[in-house]
Amino acid sequence: LVLILFLLPSYAFTQYLDRGGNLVSETWDREIHLTSNAVIGDNVIITILPGVTVKAYPGVTLSINGTGVLLANGSEDGMITFTAFDNISWGRMLFNNNNANTDSELSYCIIEKGNGQGLSPSYGGGLYINSSKLIISHCEI
């Protein structure tokens with residue numbers, strides 16, 4: 001038993017994960033803290049499981065660019081929430097992924113407390129869609 005616990009990665013025991021910068025393809029299955037601007041760039045796919053909360057620091061943007069894809073498919077009883085870490089405000093999700101081979105998806109999501117003020121461009125609240133392949137359904141924005 002001790003050997004098994006030693007071999008498990010340390011993140012297996014954390015209740016949340018810190019993310020920022022250029023992201024790599026992965027599945028988010030627990031609370032995420034976006035501590036700095038985060039980019040889902042070319043050939044990167046981020047999948048968020050139902051019930052996960054993504055908390056972003058003030059002014060932080062989650063950008064989906066180029067061929068990057070965000071798959072955030074919650075459920076009626078497992079909404080995915082994008083909100084502010086400080087419970088006041090964060091930046092936004094910025095979709096600019098018109099070169100993606102697959103549509104990004106936001107379903108059964110809550111996007112709250114986003115603020116585009118002071119960002120470039122300075123409009124858009126929790127969601128800014130520039131040029132994108134994005135399907136949105138059953139979301140509260």
Q. Is there any pair with a first residue in region 14-36 that is acidic (Asp, Glu) and a second that is in a strand (DSSP E or B) whose Cβ atoms are under 6 Å apart and which are 6 or more apart or on different chains, and what are they?
A. Asp18/His33; Asp18/Thr35; Glu31/Tyr16; Glu31/Thr53
Q. Considering region 61-97 alone, what residues qualify as being of a type in the set (A, V, I, L, M), open to solvent by 10 Å² or more (accessible area, probe 1.4 Å) and closer than 12 Å to Lys113 by Cα?
A. Ile88
Q) Taking Thr47 and the conditions (1) assigned to a strand (DSSP E or B); (2) buried (at least 17 other Cβ atoms within 10 Å of the Cβ), which numbered condition does it fall short on, given that it satisfies the others? A) (2)
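The values are calculated or read from the model by the stated rules, or taken from the named source; none is laboratory data. All figures in this text were calculated on a predicted structure; none of them were measured in a lab. Methodologically, a virtual Cβ is constructed for each residue, glycine included, from the backbone with ideal geometry; neighbour enumeration extends over all protein chains shown. Quick note on the areas: whole protein, heavy atoms, side chains included, nothing else; ligands and nucleic acids left out. Shrake-Rupley method; radii C 1.70, N 1.55, O 1.52, S 1.80 Å.
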